[in-house]
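My questions all concern the structure below.
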Amino acid sequence: MSFTAPASAGDARILIGVESATSVTEVARYRLTDYLRTQGCEADIRFNTEAPGLALAFLPAVPEGSVPILEAVNRDGRLPVPVWVTRRTAGVRHIRELRGRDLATVAGKEPLGASLPLAALRQQGIIPEPGRLYEAGDYSSALGLLLHNNTHAAVSELGFVKPFLTGNNLVVSWRGEPVKAAGWFRQAGWNQAAEACEQALGRRQRSDDPQMFVVFPEWVYGFALPDSQYSEDSTQ
C-alpha cells in the first residue's frame, strides 16, 4: 500500500489509522469516513499501515507507557474482561481442569484473544500443546468451535459472550480482571482539528452501525473517555 504525505495547511483532512481486527472492506471504510464527515471530521482513513502524519490511531493493544484518548469498551459500556468459556456438561469447575484439553483462541494482537487467557493457564502450570490450540479468526468463530464440540473451551470477552451463555448451556470457567485492552491514541500528526474526530468516535456504538464496527474486535461496542467506566464488580 502506498503512503501519502501528511495533510497540508490547505487540506483539512485528518489522517486516521486503524489496525483492523478483520479483513478491511470498502463498505466499512466508507461507513466510518462518512459518519466522521457528518460530525465535522474530514478524515482520510488508513488500515494496517504506519503512514506518516497520523493524527489518531486505533490499536488493538495498549502500548506500554501509552494512554489512550478513548478506551474501547464492551457491550455493557465497561472495560473488557477476558474469560474462558466451557460447556456446562463438561463439568469444568476450574481452569486447571483445562489441562490437556482442546482450546480455541482468537488471532490478532489484542490481549483478550489469547495472551491474557493463556497467561491464566500458565499460572496454573498449564502450557497447552500446539496441537491443542485452535486459532479462530474472531470471537464468534472461537465460540462456534466450542458449540460444535471441536474444542473443550474458548476464550471470549465477558460482555460479548453473556447473551450466549444460557441458551447454549455454556458457563464462564475463568474470568480475569477488567483491562484496558484497546483504544484510540493520539499520534505525532495530531492537532486541535482532530478533537472533532475524537468526540465523534466517542458517540458512536456498534448498535448504531454494525458495518462500521467490523474493523474492530467483536467485543468492542464503543469508546469512552479513560476512567469513565466501571468494572462489573464495582457496581454489584
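Taking residue 146, is it assigned to a helix (DSSP H, G or I) and surrounded by 17 or more Cβ atoms within 10 Å (Cβ to Cβ)?
Here the answer is yes, as residue 146 does meet what is asked.
Continuing with the same structure: Restricting to the stretch 26-65, give me the number of residues that are in a loop (DSSP other than H, G, I, E, B), farther than 19 Å from residue 205 by Cα and out of contact with any helix residue (DSSP H, G or I) (no Cβ under 7 Å at 6 or more places or on another chain).
Residues flagged as in a loop (DSSP other than H, G, I, E, B), farther than 19 Å from residue 205 by Cα and out of contact with any helix residue (DSSP H, G or I) (no Cβ under 7 Å at 6 or more places or on another chain) within the stretch 26-65 amount to 12.
Now a separate question. Being part of a loop (DSSP other than H, G, I, E, B) and within 30 Å of residue 215 (Cβ to Cβ) is the filter here; which residues of the stretch 92-109 pass it?
Correct list: 102, 107, 108, 109.
Residue by residue, here is whether (1) closer than 11 Å to residue 155 by Cβ; (2) open to solvent by 50 Å² or more (accessible area, probe 1.4 Å); (3) free of Cβ contacts under 8 Å to residues at least 12 places away in the same chain holds:
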position: 52; (1), (2), (3): no, yes, no
position: 55; (1), (2), (3): no, no, no
position: 64; (1), (2), (3): no, yes, yes
position: 76; (1), (2), (3): no, yes, no
position: 96; (1), (2), (3): no, yes, no
position: 113; (1), (2), (3): yes, no, no
position: 118; (1), (2), (3): yes, no, no
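Which condition breaks for residue 181 when tested against (1) in contact with a strand residue (DSSP E or B) (Cβ under 7 Å, 6 or more places away or on another chain); (2) surrounded by fewer than 15 Cβ atoms within 10 Å (Cβ to Cβ); (3) among the small types (Gly, Ala, Ser)?
(2)
Which numbered condition trips up residue 218, out of (1) assigned to a loop (DSSP other than H, G, I, E, B); (2) open to solvent by less than 10 Å² (accessible area, probe 1.4 Å); (3) touching a Phe, Trp or Tyr at 6+ places or on another chain (Cβ under 7 Å)?
(2) is the only condition that residue 218 fails.
Something else: Would you pick out the residues in the stretch 177-197 that are over 14 Å from the mean Cα position of the chain (by Cα) and basic (Lys, Arg)?
Within the stretch 177-197, 186 is the sole residue that qualifies.
The values are calculated or read from the model by the stated rules, or taken from the named source; none is laboratory data. Treat the numbers as computed from the prediction; the structure is a model and nothing was measured. Neighbour counts are summed over all protein chains in view; Cβ atoms, including those assigned to glycine, are modelled from backbone coordinates with ideal geometry. The protein model used for the area step is the full one, side chains on, heavy atoms only, and it has no ligands, DNA or RNA in it. Shrake-Rupley method; radii C 1.70, N 1.55, O 1.52, S 1.80 Å.
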